[in-house]
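Input: a single structure, listed below in structure tokens.
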Amino acid sequence: MIGPRVREAALGLAEVPAYLYDLPALDEHVASVRRALEGVELYYAVKANPDPELLRVLAAYVDGFEVSSAGEHAHVTALFPGMPVALGGPGKTDAELRLPHHRIHVESPNELRRLLGTGLEADVLLRLNPDLPVEGAALTMSGPFGMDEDDVAACLPLFGDRVRLRGLHAHLASGLAAPQLLELARALLEQPYEEVNLGGGMAVSYAAPETRFDWAAYGAGLTSLRRGRRLRIEPGRALTVYCGYYATKVVDVKRVRGQAYAVVLGGTHHLRTPATKGHDQPFTILPTGGGPGVTDEPVTFVGQLCTPKDVLAQRIVTSARVGDTVVFEMAGAYAWNISHHDFLMHPKPAFHHLRA
Ligand SMILES: *Cc1c(COP(=O)(O)O)cnc(C)c1O
């Protein structure tokens with residue numbers, strides 16, 4: 001369900017598709033996350049959404065930004081000179097290893113040797129790929145990320161005065177609820193490190209948008225586990241996902257082999273999230289159309305791409321008429337910036353930042 005500010009903005013749009021970012025809602029949300037994290041550092045993982053206006057809101061609450069490429073590094077340091085930056089990501093180039101940072105997350109013993117080879121000073125967190133059971137995670141970080149315990153141990157003798165070991169980094173999984181994340185944090189904090197970055201991955205539910213990650217429980221749990229250590233988290237999705245909307249219009253409604261389809265302007269080349277994650281993107285229909293349509297039956301919402309994968313939501317019981325405005329919700333993270341914008345060369349959406 002959308003609030004009055006977004007509804008009014010969507011109804012006032014001269015052109016669709018358009019992205020709407022609700023900045024006051026983002027401000028309120030991040031403020032509440034910040035309040036829940038007594039004594040724990042909060043970084044924002046920029047890859048979730050690097051929109052400068054969003055970053056400006058976030059900058060008032062976060063202790064730093066986590067970046068995963070030279071591009072993100074340049075973007076963030078130009079916008080916020082002096083703001084702490086943690087540089088992570090697999091396959092860092094020599095140029096990336098030379099970038100100034102508050103922390104650098106090292107992914108392998110070879111990468112550490114290359115970092116030492118630069119001759120520059122560095123403050124390192126070793127990224128561990130821990131052998132921990134991760135139940136119910138949407139995307140576990142096994143595979144190429146971080147190192148086994150053995151490789152972490154192999155890194156330890158390499159540190160010196162210029163390249164300093166600060167602690168451990170572990171982005172455990174994506175899509176975990178607070179009790180599960182705390183369970184993993186507890187296991188990880190048995191390691192003897194003074195500083196630990198516990199990563200991001202806080203769950204968001206596209207099926208039940210009003211169900212939110214329990215930041216109060218997570219913050220309280222981390223406070224009790226901290227015991228004088230420096231703890232940091234770096235969420236992306238759970239901070240920005242709720243503030244973004246993709247507004248468009250129904251251009252056609254039809255029935256094919258018995259199934260009702262609503263074709264909207266734009267599609268997954270603007271909002272790739274449902275195609276990538278295989279979910280139905282939640283939406284609200286504003287009945288601005290009055291054209292031909294269907295009433296209270298399962299409707300599949302597709303975009304303008306010539307591929308059967310261009311599906312935004314499947315068989316949702318609703319009414320839809322040509323000309324109706326459809327506002328897709330939860331489009332503030334891994335949405336526009338992960339989409340294949342140039343496929344089919346349709347026009348790009350406009351971006352509107354709503355203010356109080
Ligand atoms: C992607 C990523 C994050 C953010 O993950 P979310 O699921 O968006 O919270 C944090 N840290 C690392 C290392 C990542 O790769």
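The values are calculated or read from the model by the stated rules, or taken from the named source; none is laboratory data. Everything numeric here is computed off the predicted structure, so don't read it as measured data. So basically every Cβ, Gly included, is an ideal-geometry build from the backbone, and we count neighbours across all protein chains shown. Note: accessible area is taken over every heavy atom of the protein model, side chains too, but ligands, DNA and RNA are not part of it. Shrake-Rupley method; radii C 1.70, N 1.55, O 1.52, S 1.80 Å.
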Report every pair of residues separated by at least 6 positions or lying on different chains whose Cβ atoms are under 9 Å apart, first residue within the stretch 190-218 and outside the structural domain of Leu37 (by TED's automatic domain parsing) and of a type in the set (A, V, I, L, M, F, W, C), second open to solvent by less than 20 Å² (accessible area, probe 1.4 Å) and part of a loop (DSSP other than H, G, I, E, B).
none
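Conditions tested, residue by residue: (1) over 20 Å from the mean Cα position of the chain (by Cα); (2) not hydroxyl-bearing (Ser, Thr, Tyr).
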{"residue": "Leu168", "(1), (2)": "yes, yes"}
{"residue": "Ser174", "(1), (2)": "no, no"}
{"residue": "Leu189", "(1), (2)": "yes, yes"}
{"residue": "Gly199", "(1), (2)": "no, yes"}
{"residue": "Ala203", "(1), (2)": "no, yes"}
{"residue": "Ala207", "(1), (2)": "no, yes"}
{"residue": "Thr211", "(1), (2)": "no, no"}
{"residue": "Asp214", "(1), (2)": "no, yes"}
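Among the residues of the stretch 256-271, write down those that are open to solvent by less than 10 Å² (accessible area, probe 1.4 Å) and assigned to a strand (DSSP E or B).
Kept after step one, since they are open to solvent by less than 10 Å² (accessible area, probe 1.4 Å), are these residues of the stretch 256-271: 260, 262, 264, 266-271.
The answer is Ala260, Ala262, Val264.
For the stretch 59-75, check the following and say yes or no: at least one residue is hydroxyl-bearing (Ser, Thr, Tyr), closer than 23 Å to Tyr21 by Cα and out of contact with any strand residue (DSSP E or B) (no Cβ under 8 Å at 6 or more places or on another chain). Before the answer, list the steps.
Initially, the stretch 59-75 is screened for residues hydroxyl-bearing (Ser, Thr, Tyr), giving 61, 68-69.
Then keep just the ones that are closer than 23 Å to Tyr21 by Cα; that gives 61.
So of that shortlist, the ones also out of contact with any strand residue (DSSP E or B) (no Cβ under 8 Å at 6 or more places or on another chain) come out as none.
The answer is no; no qualifying residue exists.
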Cβ-Cβ under 7 Å, sequence separation 6+ or interchain: first residue in the stretch 167-179 and in a loop (DSSP other than H, G, I, E, B) and at pLDDT below 90, partner more than 9 Å from the ligand (Cβ to nearest atom) and not small (Gly, Ala, Ser). Which pairs?
Leu172/Val134; Leu172/Leu184
Scope the stretch 306-320; condition of a type outside the set (A, V, I, L, M, F, W, C) and in a strand (DSSP E or B); matching residues:
Gln314, Arg315, Thr318, Ser319
Could you tell me how many of the residues in the stretch 141-163 are exposed (fewer than 15 other Cβ atoms within 10 Å of the Cβ) and farther than 20 Å from Leu116 by Cα?
5
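Tally up the residues in the stretch 180-189 that are open to solvent by 20 Å² or more (accessible area, probe 1.4 Å) and in contact (Cβ under 8 Å) with a residue 12 or more places away in the chain, please. So that I can check it myself, show each step before the final result.
First, pick out the residues of the stretch 180-189 that are open to solvent by 20 Å² or more (accessible area, probe 1.4 Å): 180, 182-183, 186-187.
From what is left, the residues that are in contact (Cβ under 8 Å) with a residue 12 or more places away in the chain are 180, 182, 186-187.
Counting residues in the stretch 180-189 that are open to solvent by 20 Å² or more (accessible area, probe 1.4 Å) and in contact (Cβ under 8 Å) with a residue 12 or more places away in the chain gives 4.
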Only one of Pro84, Pro109, Pro52, Pro4 is out of contact with any Phe, Trp or Tyr (no Cβ under 8 Å at 6 or more places or on another chain), closer than 30 Å to Leu156 by Cβ and not assigned by TED's automatic domain parsing to the domain that holds Glu329; which?
Pro109
Does Phe213 meet the test of being touching a strand residue (DSSP E or B) at 6+ places or on another chain (Cβ under 8 Å), open to solvent by 30 Å² or more (accessible area, probe 1.4 Å) and either more than 15 Å from the ligand (Cβ to nearest atom) or not in a strand (DSSP E or B) (or both)?
no
Kindly check whether there is at least one residue in the stretch 290-312 that is open to solvent by 30 Å² or more (accessible area, probe 1.4 Å), modelled with pLDDT under 95 and more than 24 Å from Gly175 (Cα to Cα).
yes
Considering the stretch 95-119 alone, what residues qualify as being within 15 Å of the ligand (Cβ to nearest atom) and open to solvent by less than 20 Å² (accessible area, probe 1.4 Å)?
Arg103, Ile104, His105, Val106, Glu107, Glu111
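Please enumerate the residues belonging to the stretch 320-356 that are of a type in the set (Asp, Glu) and open to solvent by 50 Å² or more (accessible area, probe 1.4 Å). Write out each step before concluding.
As a first pass, look at the stretch 320-356 and keep what is of a type in the set (Asp, Glu): 324, 329, 342.
If the condition is that a residue be of a type in the set (Asp, Glu) and open to solvent by 50 Å² or more (accessible area, probe 1.4 Å), then Asp342 is the only one that fits.
Answer yes or no as to whether Ala122 is open to solvent by less than 10 Å² (accessible area, probe 1.4 Å) and in contact with a helix residue (DSSP H, G or I) (Cβ under 9 Å, 6 or more places away or on another chain). Give the derivation first.
Values: open to solvent by less than 10 Å² (accessible area, probe 1.4 Å): yes; in contact with a helix residue (DSSP H, G or I) (Cβ under 9 Å, 6 or more places away or on another chain): yes.
Yes; evaluated as a whole, the condition is true for this residue.
Is there a residue being among the basic types (Lys, Arg), outside any loop (DSSP other than H, G, I, E, B) and within 16 Å of the ligand (Cβ to nearest atom) anywhere in the stretch 220-242? First the steps, then the outcome.
Pass one, the stretch 220-242, residues among the basic types (Lys, Arg): 226-227, 229-230, 232, 237.
If we keep only those that are outside any loop (DSSP other than H, G, I, E, B) as well, we get 226, 230, 232, 237.
Restricting the remaining residues to those that are within 16 Å of the ligand (Cβ to nearest atom) gives 232, 237.
There is at least one residue in the stretch 220-242 that is among the basic types (Lys, Arg), outside any loop (DSSP other than H, G, I, E, B) and within 16 Å of the ligand (Cβ to nearest atom).
Restricting to the stretch 148-206, and then to whatever is acidic (Asp, Glu) and more than 18 Å from Arg232 (Cα to Cα), can you tell me which residue is farthest from the ligand (Cβ to nearest atom)? Give the steps one after another, and end with the answer.
First pass over the stretch 148-206, keeping only residues acidic (Asp, Glu): 148-151, 161, 183, 190, 194-195.
Filter once more, so that each one left must be more than 18 Å from Arg232 (Cα to Cα): 148-151, 161.
Working: Asp148: 17, Glu149: 18, Asp150: 21, Asp151: 17, Asp161: 27 Å.
Among those that are acidic (Asp, Glu) and more than 18 Å from Arg232 (Cα to Cα), it is Asp161.
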Checking the structure you have, find out if any residue of the stretch 11-24 is surrounded by fewer than 18 Cβ atoms within 10 Å (Cβ to Cβ) and either within 14 Å of the ligand (Cβ to nearest atom) or among the aromatic types (Phe, Trp, Tyr) (or both).
no
